[in-house]
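Right, one structure below, let's go through it.
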Protein chains: 2
Amino acid sequence: MSGGPAVRCAVRAGAYYDSIVLMQLQRALAALPGVLDAGVMMATPANRDLLAASGLLPGEEVAAGPDDLLIAVQAESEAAAGEALARVDALLAVRRAGAAGQEFRPKSLASAFKQLPEARWVLVSVPGRHAAAVAGEALDSEKNVFLYSDNVSLADELELKKKARDRGLLVMGPDCGTAIVGGTGLGFSNRTQRGRIGLIGASGTGLQAVVSHLHARGAGISQALGLGGRDLYAEVGGITAAQALDLLARDPETDVIVLISKPPAPEVARRLIALARGVGKPAVVYFPGAPLPAPRLGNVGFASSLEGAAEDALRGLTSPRPPLAAPVAFAAGQRWIRGLFSGGTLALEVLRGLEPLFSKAGGHTILDLGADEFTVGRLHPMIDFDLRLRRLRQEAADPEVALVLLDVVLGDGAHADPAGELGPVIERVKAEAQAAGRALDVAVLVIGTDQDPQDVKLQTVTLEKAGARVCRTVTDLLDYAVERLEEIEGFPRPEDPPVPLESVQGPLAAVNVGLESFYDSLLAQGAQAVHVEWKPPAGGNEKLAGILARMKRSR
Amino acid sequence: MSGGPAVRCAVRAGAYYDSIVLMQLQRALAALPGVLDAGVMMATPANRDLLAASGLLPGEEVAAGPDDLLIAVQAESEAAAGEALARVDALLAVRRAGAAGQEFRPKSLASAFKQLPEARWVLVSVPGRHAAAVAGEALDSEKNVFLYSDNVSLADELELKKKARDRGLLVMGPDCGTAIVGGTGLGFSNRTQRGRIGLIGASGTGLQAVVSHLHARGAGISQALGLGGRDLYAEVGGITAAQALDLLARDPETDVIVLISKPPAPEVARRLIALARGVGKPAVVYFPGAPLPAPRLGNVGFASSLEGAAEDALRGLTSPRPPLAAPVAFAAGQRWIRGLFSGGTLALEVLRGLEPLFSKAGGHTILDLGADEFTVGRLHPMIDFDLRLRRLRQEAADPEVALVLLDVVLGDGAHADPAGELGPVIERVKAEAQAAGRALDVAVLVIGTDQDPQDVKLQTVTLEKAGARVCRTVTDLLDYAVERLEEIEGFPRPEDPPVPLESVQGPLAAVNVGLESFYDSLLAQGAQAVHVEWKPPAGGNEKLAGILARMKRSR
């Protein structure tokens, strides 16, 4: 035995301790005389790597599995290390005695609900492998769940969320770090005043950054509803996000909605954007890392950063967009949008903007007639309108076509009078459609300046006289097309049964299971709360827990 | 022979005609008595489909290849159709006589250059298969090229652009629709006043939409330089874009630069963003359909629409960002950025922002320590700083590490005093690095409100006293990191030899080969121009042209 620094380990096999307890044990050990460093963690491969990197694993192999607690001490001498490890149980006992002495604490959810029957929420932060069972029990008692625990399976998440949806309850999470419900923060959350902006997020620190930014700008929030990082996966389908959108759409205290999530599955994005289109108030969507369909589609803005999302929400508070004037309604069977563009980037921006809203495959098309395949041995469609006019007549004759989108790019080099070519044809095809009982709509994006040789005002007037809707920017054209598209496709049906507004109205009463610090935070914010003195079934012994669960079921 | 409507065709094998001539022939035929519709186009498959869709192909097979001219007429009777087709040659002759009678026109580039020796530009809009040869001839005469023609091979494009780069010349295109050089529009372009915004675009209508929007907002442009749609492909590597950025960086008449291109190859995007970082003036980048790295990286803003790009450029005119105060310089060998984050979305935003600027692989890392793999059996890093402090010490001891990025998320649930944990360690590792002759830099993103329990002001002061740079938004943190990163990596070297500023300074003198309407536009704008009465080698006969080319080479 040398007299130099020594590393020693102890193992508590299959023992469960609250993470806070472990952190405090580590600190207490590190503070003992002669101790240089200490590590206390479950012996997962990642944690072992960390201990090794800190020089806290001894040379010999330590027999411990991921469910075992590993306590490692580096001390000035073997003797000091041994003395430190000998105090582990005493230190753990002190902590537990302190915690138990505070007040009466229920040991089960059932008795917690008796103690605080007005609780609508349960905060669950027990270890991942136990979390689904606890959350399921809360749902069975008609409670909403804030599920902080991570390392919960996707299958369990889906089952919990379906169960919640069927009962008009919310499951925020798993791995939900942040929410503010009825003015009270759950998990990690920043203090701010109540306000008119409602947040929905599959990103805890994303929500916190937006709340903090809004606070710095003097604005407050109505609700901040967490989803967990996987809610917008294809497997889960955005169940909680859809519920939350519907809830905030109905919430009279919310004027603007912000939705944040890492890039969702495309079909989930499509559905949520459509739902956001239907909320009847300004909405801001931020999918970090995903390309933006457009800066704005009707009432829905698309942000490219947390800061941008917050700023867009502030703008939404002050400048709600007026609805467009409704044109003549389409006939039954008219259902496709057809774009015939001469500008490639204009076509691309229109396609990108509309594509997420196209719920029906196949029939909508946006063509760039300036693309190489159309221009071999032929003039560009900005000069020669022959191809476009032929396509326009063809699309207009199709009884399923509702809206035709065109562009007119003025300037040198282009056709001397595009409206003179397009106008009479637009007028004729609209009249023919009307004679056949249809309302064919034509919108034209006019790009140009008032110095261009074609006279932009005359071009606009000619097109408008022919019955076309004239737009001067892609954003305007998208606004119009989006509005008309919704007359065709409608909005998706919101979730049923709806989550009652009372679920998120303050003052909050909640039951906390897991991290005691979350309970402390609830009390510090003036919320009513009960903390469950939770232990894993059979003290963390998985085999025994399995037997107990089977016995319970068979009763 | 029936007395009803009839369709008849004529073919001119391997004949070359200007596209404008063909369009006019088509119109003239359609206007003849008894003619219902007419089509005049090269007999490519796409054009044949179009003729068929318009009922302009007769029942029997028409023998014509893609290099043959197909003239189709639908008339009230066989007789009317026949009469129309009989007039084709006469109509073509009228047009040619009219064109030839206007003035003396050179038949070759060489004689055009003699006629207008001050010409620095050649506009090329001959059919694609002849375009590379014409453009190459222009470059050989030290002229810049506006290459409107499409259907030019990628290999030819690369060869032309390399040749141009080596001579300090620009090749805009192929498939370049739009440019404004020294106040004169080339190809398709809008009339606007001169101004301080310089545009670069691999998108013709994209440039036109931005010019039109800026014009509507009262702003003008210095130059609009086209690239052609493929300049930012990996194969071409953004040769022209890099030249154009360097040119506008040196241009004293340009205060803000806008770069627009469909999503480039990632390595090309990386290089161009780095070049844009080095232009020394505000720049705006819009890559339609690509995810944005951040709303802004230092002087470079990222837009998400044509309209947004124009608006960002306007903001760049009025509010140039002041440079950050320079901290202590790094030592030789310090070259990596290491991020240790507790917030997943914060880590993601920082990674997305910096990743396009990381020119060296491997050494830069941005970690989310709140990710599932780090939190099994352990508290979240927003509560328990043990893991982060260990990693911080580890990174700080690495002599190759230059800058460590951290986040501190305040609020309920989080650590009661993060700065109290981080501050002393930051102070110590900075002092240790300094003792070892290094300047270790630490920047901390603080998220929170002034109502949070931790006292955000005290947290900030503690971190600043420890020597950390404190930022309050991701944008601020990125600004700082980007600036420091450039001290490490520098800017890429601009193109050599540079394109002389005189190349784009007005008044413009240019030679036009191809579409006569582009020549007309040049004259209408008051530019000096000469139109070449171009014919394909051997009158469009490819075989004969090949023989002639070989003979020319062997001389």
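The values are calculated or read from the model by the stated rules, or taken from the named source; none is laboratory data. For clarity, every value in this text was computed on a predicted model and none was experimentally measured. Glycine gets a Cβ as well: all are built from the backbone with ideal geometry, and neighbour counts include every protein chain shown. For accessibility, only protein heavy atoms count, side chains too; no ligands or nucleic acids. Shrake-Rupley method; radii C 1.70, N 1.55, O 1.52, S 1.80 Å.
Couple of notes before you dig in:
- Within the range A:161-172, being under 22 Å from residue A:118 (Cα atoms) and either of a type in the set (Ser, Thr, Tyr) or surrounded by 17 or more Cβ atoms within 10 Å (Cβ to Cβ) (or both) holds for A:164, A:165, A:168, A:169, A:170, A:171, A:172.
- Just so you know, in the range B:359-379 the residues that are within 17 Å of residue B:266 (Cα to Cα) and touching a residue at least 12 places away in the same chain (Cβ under 8 Å) include one that is surrounded by the most Cβ atoms within 10 Å (Cβ to Cβ), and it is B:359.
- Filter result for the condition that a residue is in a helix (DSSP H, G or I) and at pLDDT below 95, over B:428, B:378, B:390: B:390
- Test result for residue B:474, touching a strand residue (DSSP E or B) at 6+ places or on another chain (Cβ under 6 Å) and over 30 Å from residue A:523 (Cα atoms): no
- Per the listing A:347, A:402, A:433, the residue uniquely more than 9 Å from chain B (Cβ to nearest Cβ), crowded, with 19+ Cβ neighbours inside 10 Å, in contact (Cβ under 8 Å) with a residue 12 or more places away in the chain and under 35 Å from the mean Cα position of the chain (by Cα) is A:402.
- Considering residues of the range A:389-399 that are within 13 Å of chain B (Cβ to nearest Cβ) and either in contact with a Phe, Trp or Tyr (Cβ under 9 Å, 6 or more places away or on another chain) or not basic (Lys, Arg) (or both) only, the residue most open to solvent (accessible area, probe 1.4 Å): A:394
- Scanning the range A:18-27 for residues that are among the hydrophobic types (A, V, I, L, M, F, W, C), surrounded by 20 or more Cβ atoms within 10 Å (Cβ to Cβ) and more than 9 Å from every other protein chain (Cβ to nearest Cβ) yields a single hit, A:25.
- Flag for residue A:370 being of a type outside the set (Lys, Arg), modelled with pLDDT of 85 or more and in a loop (DSSP other than H, G, I, E, B): yes
- Selection status of residue B:95, modelled with pLDDT under 80, within 23 Å of residue A:382 (Cα to Cα) and open to solvent by 50 Å² or more (accessible area, probe 1.4 Å): yes
For every residue, the table says whether it meets (1) in contact with a Cys (Cβ under 6 Å, 6 or more places away or on another chain); (2) of a type in the set (A, V, I, L, M).
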residue	(1), (2)
A:187	no, no
A:197	no, yes
A:206	no, no
A:213	no, no
A:225	no, yes
A:228	yes, no
A:234	no, yes
A:241	no, yes
A:250	no, no
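- Look at the range A:284-313: where a residue is within 9 Å of chain B (Cβ to nearest Cβ) and a partner is in a strand (DSSP E or B) and hydroxyl-bearing (Ser, Thr, Tyr), sitting 6+ places away or on another chain with Cβ atoms under 8 Å, you get A:302/A:286; A:303/A:286; A:304/A:286; A:305/A:286; A:306/A:286; A:308/A:286.
- Close Cβ contacts (under 9 Å, 6 or more residues apart or on different chains) running from residues in the range A:106-135 that are among the charged types (D, E, K, R) to residues that are part of a strand (DSSP E or B) comprise A:107/A:532; A:118/A:509; A:118/A:528; A:120/A:144; A:120/A:181; A:120/A:509; A:120/A:510.
- Residue that is nearest to the chain's Cα centre (by Cα) [pool: residues in the range A:453-469 that are within 18 Å of residue A:342 (Cα to Cα) and part of a loop (DSSP other than H, G, I, E, B)]: A:468
- Filter pass, residue B:77 being in contact (Cβ under 8 Å) with a residue 12 or more places away in the chain, away from chain A (no Cβ under 11 Å), over 30 Å from residue B:519 (Cβ atoms) and open to solvent by less than 50 Å² (accessible area, probe 1.4 Å): yes
- Residues of the range B:124-158 that are open to solvent by 20 Å² or more (accessible area, probe 1.4 Å) and in contact with a Gly (Cβ under 8 Å, 6 or more places away or on another chain): B:127, B:148, B:150, B:151.
- Against the conditions (1) within 14 Å of chain B (Cβ to nearest Cβ); (2) assigned to a helix (DSSP H, G or I); (3) in contact with a strand residue (DSSP E or B) (Cβ under 9 Å, 6 or more places away or on another chain), residue A:415 satisfies every one except (2).
- Set B:63, B:38, B:30, B:15: member being more than 9 Å from every other protein chain (Cβ to nearest Cβ), in contact (Cβ under 8 Å) with a residue 24 or more places away in the chain, open to solvent by 30 Å² or more (accessible area, probe 1.4 Å) and among the hydrophobic types (A, V, I, L, M, F, W, C): B:63
- Some residue of the range A:227-235 being away from every other protein chain (no Cβ under 11 Å), open to solvent by 10 Å² or more (accessible area, probe 1.4 Å), under 22 Å from residue B:348 (Cα atoms) and at pLDDT 95 or above: yes
- The one condition from (1) part of a helix (DSSP H, G or I); (2) open to solvent by 20 Å² or more (accessible area, probe 1.4 Å); (3) farther than 19 Å from residue A:312 by Cβ that residue A:213 does not meet is (3).
- Residue B:226 meets the conditions (1) within 21 Å of residue B:147 (Cβ to Cβ); (2) more than 12 Å from the chain's Cα centre (by Cα) in every case but one. The failed one is (2).
- Criterion: open to solvent by less than 20 Å² (accessible area, probe 1.4 Å), within 10 Å of the chain's Cα centre (by Cα) and in contact (Cβ under 8 Å) with a residue 24 or more places away in the chain - qualifying residue of A:254, A:240: A:240
- Filtered by the rule that a residue be under 22 Å from residue B:382 (Cα atoms) and outside any helix (DSSP H, G or I), the range A:32-51 gives A:37, A:38, A:39, A:40, A:41, A:42, A:43, A:44.
- Residues that are aromatic (Phe, Trp, Tyr) and either facing another protein chain (nearest Cβ under 10 Å) or part of a strand (DSSP E or B) (or both) within the range B:506-531 comprise just one, B:518.
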